[in-house]
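Working notes for the structure below.
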Amino acid sequence: MDKFTTHTGTAVPLRRSNVDTDQIIPAVWLKQVSRTGFEKGLFSAWREDPAFVLNDPSYEGATVLVSGPDFGTGSSREHAVWALQQYGFRVVIAARFGDIFRNNSTKMGLLPVILPDDKVEALQAAVEADPKLEVTVDLDGRQVRWAGESVAFEIDDYTRWRLMEGLDDIGLTLRHAEDVAAYENGRQPWLPTTV
Amino acid sequence: MGRTLAEKVWEQHVVRRADGEPDLLYIDLHLIHEVTSPQAFDGLRLAGRKVRRPDLTIATEDHNVPTVLGPITDPVSKTQVETLRKNAAEFGVRLHPMGDAGQGVVHIIGPQFGLTQPGMTIVCGDSHTSTHGAFGGIAFGIGTSEVEHVLATQTLPAYRPKTMAIEVSGELPVGVTAKDLILAIIAKIGTGGGQGYIVEYRGEAVRKLSMEGRMTVCNMSIEAGARAGMIAPDETTFDYLKGRRHAPEGEAWDQAVAYWKSLRTDDDAVFDKVVEIDASTLTPYVTWGTNPGQGLPLDAAVPSPEDYTDPVARSAAERALEYMGLTAGTPLREIQVDTVFVGSCTNGRIEDLRSAAEILRGRQVITRTLIVPGSMLVKHQAEQEGLHEVFKAAGAEWREAGCSMCLGMNPDTLQPGERSASTSNRNFEGRQGKGGRTHLVSPQVAAATAVTGRLTAPADL
Ligand code: SF4
């Protein structure tokens, strides 16, 4: 996973709420067994509409997605995160996220940033007024900055540290293999096995 | 201070706790299917890792499988299923492939085998893992990176979500089901209402639900945004489990039951949030929009965006009406459907099929009607009870087990603009096929709707 400290880029406003992961990447795209090529499926149903915001050339190259509330609800498909990243997004900003999506994002180094509703709205309006507006997402300082605005966001220390170091969870957990083995010795004897 | 059920189960599974870090949680059962696992197994291979506990892991084929006999014809789906077979063989994981007597939707087979038991932690790369919480464990969906983590370590780092009680007082009126209850709950708290919480469903109406009904309720916890839903185990739970293939036996059974009985929220425990709902006021519920929170009693009419003061809810309603092709003010009972689907991990269990059959007995369907058992065991049991004959005589299609029309990954889909009454859990845009329009309903409403061709409660027939 790539390290994430501070990112500056342009943004695209997605004025929709409840953007579920079925919309981010429809099920037909989930059949692949590889981890690449999902950018083609990103919002594929919505992208058929020429008026959809991602089809607007003025937002080309945007790396920050600014969405309405409840982004990434629904299905657990991590493919949604892969699709956003492979399309070029590094950050998603919204007032609320689906829990599983948010978790998946932090495993992959896509930063989910929670801002208050009015700040999301203000950022969307600012980007609509100037699609080339530079937005800085500073994970180190826990701030989003644009055009003289600077808004703090919360993220727990551990997740922030992991993202900033680009650390893989499995490697971290394997350092505690002895604890896992000790726990296993004390498990209740009636618990089922699949064999 | 006392502890909630969720806190008890969580604490029991903490392998390691350190300041400023998430808890490392032990996972008792890991369920796998073909869609969210291939990249996880690839990750293991790349790192030269093994599956730590294949004996706590089980796999099935469900999302891609056709529900008519015969091979998978779509080459991409076929590759995905074959990849699971290869991975299961290479890493020593028990797999129930298509055609196997144990095959079925991942959340149906766990409970059926008795692998889902009270007090366990259960995960799967699938958001409806919350289903298993009906037995009084903590069960939640995870992404593919976490699937790989569990395969490699049998643990997950996680922060304990907050706790929410949904207190359901009173009794469900006759003809009102677990599905109506959960649709009403989601309509009340919204699709984001449960975010960050484990929900415990409590109260008289919940205690009276069968295990099937409890699974329906817990299944849709995720549609309210909750990470997991759970119900304290009781005699209903123990009766359901007793004698199942992986349930404890003899002395172990007694030990287990003694422990399971301790799995309840202490009287003096405090939840972070409490929501109350009176079951006796409920009637059959249906959704009219494109998220599961957009539901109303069947007696209502399609709402108008103007009914919503919150601008976000208003624009969501506007968009939903446009996508659904509905006009504000139309009575829900006048909505015509093209297809009826009874099945999925929400309502594909034997009790669901029985209740649909009861309505279809001696009647004829006038829409395309798919009845899809959630597993091969459910199918077998339904056939032993003669339910398949009832369905066929009514003109419905009796299918093989799988996810089927719950999601557009296999051949069972809606065409653009087609409208369904569906017992599944998601009415998202395109969920049942691109351009398809979904109304979520109970099995009873689905069956009655199949008879009239428009959204109908059994009592209307
Ligand atoms: S039946 Fe539907 S919700 Fe359940 S596992 Fe299958 S696709 Fe997911």
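Values quoted throughout were computed directly from the atomic coordinates according to the rules given, and no laboratory measurement underlies them. Not measured: the values here are computed from a predicted model. No Cβ is skipped: glycine too gets one built from the backbone with ideal geometry, and neighbour counts run over all protein chains shown.
How large is ³J(HN,Hα), in whole Hz, for each residue of segment A:77-85 in order, when computed from phi with the Karplus curve 6.51 cos²θ - 1.76 cosθ + 1.60 and θ = phi - 60°, using x for Gly and Pro?
Result, rounded to whole Hz: 3, 5, 3, 4, 5, 4, 5, 4, 5.
List the residues of segment A:85-107 whose backbone N lies under 16 Å from a point placed 7 Å from the Cα of residue A:34 along the Cα-to-Cβ direction.
A:86-87
What is the distance, in nm, between label points placed 7 Å from the Cα along the Cα-to-Cβ direction at residue B:301 and at residue B:358?
Placing both labels 7 Å along Cα→Cβ, they lie 3.3 nm apart.
In Å and on Cα atoms, what radius of gyration and Dmax does segment A:1-78 show?
For segment A:1-78, the Cα-based Rg and Dmax read 13.5, 35 Å.
Applying 1/(1 + (r/R0)^6) with R0 = 25 Å to the Cβ-Cβ distance of residue A:142 and residue B:18, what FRET efficiency is obtained, to the nearest 0.05?
Numbers: r = 22 Å, r/R0 = 0.89.
Working from the Cβ atoms, E equals 0.70.
In whole percent, what relative contact order does chain A give with Cα contacts below 8 Å and a gap of six or more residues? Kindly include the intermediate steps, with their values, before the conclusion.
Numbers: 345 pairs, mean separation 50.2, N = 195.
After rounding, I find 26 percent.
Determine the distance separating the Cα centre of segment B:91-111 from the Cα centre of segment B:339-407; give it in Å without decimals.
Cα centroid to Cα centroid, the span is 20 Å.
Pairs of Cα atoms under 8 Å, at least six residues apart: use those to get the relative contact order of segment B:390-461, whole percent.
Result for segment B:390-461 is 22 percent.
State, to one decimal in nm², a quarter of the convex hull surface area for the C-alpha atoms of chain A, i.e. the direction-averaged projected area.
The number I arrive at for chain A is 13.4 nm².
Quick one: Debye curve from the C-alpha atoms of segment A:41-104, no solvent, what's log10 I(q)/I(0) at q = 0.15, 0.22, 0.27 Å⁻¹?
Reported log10 I(q)/I(0), two decimals: -0.47, -1.04, -1.40.
Determine the dipole magnitude for chain A: charges of +1 sit on the beta-carbon of Lys and Arg, -1 on that of Asp and Glu, nothing else is charged, the reference point is the Cα centre, and the result goes in debye to the nearest 20.
400
For residue B:418, enumerate residues with amide H under 5 Å from its amide H, sequence gap 5+ or separate chain, H modeled in the peptide plane.
B:437
What distance in nm separates the simple spin-label points at residue B:338 and residue A:47, each placed 7 Å from Cα in the Cβ direction?
2.6
Suppose every Lys and Arg Cβ carries +1 and every Asp and Glu Cβ carries -1, with no other charges. What dipole size does segment B:50-162 come out with about its Cα centre, to the nearest 20 debye?
360
Taking a threshold of 23 Å on the Cα-Cα distance, which of the pairs B:50/B:162; A:3/A:119; B:179/B:434; B:8/B:261 fall above it?
B:50/B:162; A:3/A:119; B:179/B:434
So what does log10 I(q)/I(0) come out to for the protein assembly as shown at q = 0.11 Å⁻¹, using the Debye formula with one equal point on every Cα and no solvent?
Once normalised to I(0) and log-transformed, intensities are -1.09.
Sorted from largest to smallest, which semi-axis lengths in Å does the alpha carbon gyration tensor of segment B:161-284 give for its equivalent ellipsoid, taking the root of 5 times each eigenvalue?
26, 17, 13
Which of the listed residues, B:402, B:453, B:356, is farthest toward the dipole's positive end in segment B:324-461, when Lys, Arg count +1 and Asp, Glu count -1 at the beta-carbon?
Positive-end residue among those listed: B:453.
Based on the alpha-carbon gyration tensor of segment B:60-188, what equivalent-ellipsoid semi-axes (square roots of 5 times the eigenvalues) come out, in whole Å, largest first?
Sorted largest first and rounded, they come to 31, 21, 13 Å.
Can you work out ³J(HN,Hα) from phi for every residue in segment B:243-250, in order, using Karplus 6.51 cos²θ - 1.76 cosθ + 1.60 and θ = phi - 60°, giving whole Hz and x for Gly and Pro?
Calculated HN-Hα couplings, in order: x, 6, 3, 10, 6, x, 10, x Hz.
Using only Cα atoms, locate the centre of segment B:430-461 and the centre of segment B:181-254, then give the distance between them in Å, rounded to an integer.
24
State, to one decimal in nm², a quarter of the convex hull surface area for the C-alpha atoms of chain B, i.e. the direction-averaged projected area.
Numbers: hull surface 87.7 nm².
Convex hull of Cα atoms, orientation-averaged projection: 21.9 nm².
Can you run phi through the Karplus equation (6.51, -1.76, 1.60; θ = phi - 60°) for segment B:32-43 and list ³J(HN,Hα) in whole Hz, with x for Gly and Pro?
Running phi through 6.51 cos²θ - 1.76 cosθ + 1.60 with θ = phi - 60° gives 9, 9, 6, 7, 9, 9, x, 5, 6, 5, 4, x Hz.
With only Lys, Arg, Asp and Glu charged, each at its Cβ (+1 for the first two, -1 for the last two), find how big the charge dipole of chain B is about the Cα centre; round to the nearest 20 debye.
Values: 45 positive and 57 negative charges, 154 e Å.
Dipole of chain B, to the nearest 20 debye: 740 debye.
Give me the Kirkwood hydrodynamic radius of segment B:320-373 in Å, from all C-alpha pairs, to one decimal place?
Details: mean 1/r = 0.0755 Å⁻¹.
About 13.2 Å, per the Kirkwood formula over Cα pairs.
If you average over every viewing direction, what projected area does the convex hull of the Cα atoms of segment B:293-334 give, in nm²?
Mean projected area of the Cα convex hull: 2.8 nm².
List the trypsin sites (Lys or Arg not before Pro) in segment A:54-137 that DSSP assigns to loop (not H, G, I, E or B) and whose Cβ has at most 15 other Cβ atoms within 10 Å. Which are they? Numbers along the way, then the final one.
Details: sites: A:77, A:90, A:96, A:102, A:107, A:119, A:132; in loops: A:77, A:90, A:96, A:132.
Answer in residue order: A:132.
Could you work out the relative contact order of chain B, using alpha carbon pairs under 8 angstrom and six or more residues apart, expressed as a whole percent? Don't skip to the answer; put the middle values down first.
Values: 1124 pairs, mean separation 78.9, N = 461.
Relative contact order here is 17 percent.
Please name whichever of B:330, B:142, B:81 sits farthest to the positive end of the charge dipole of chain B, dipole taken about the Cα centre and charges placed at Cβ: Lys and Arg +1, Asp and Glu -1.
Going by the Cα projections, it comes out as B:81.
Which value in deg cm²/dmol, rounded to the nearest 500, describes the helix-derived mean residue ellipticity at 222 nm for chain B, given -39,500 (n - 2.57) per DSSP H run of n ≥ 4 and division by the residue count?
That comes out to -9500 deg cm²/dmol.
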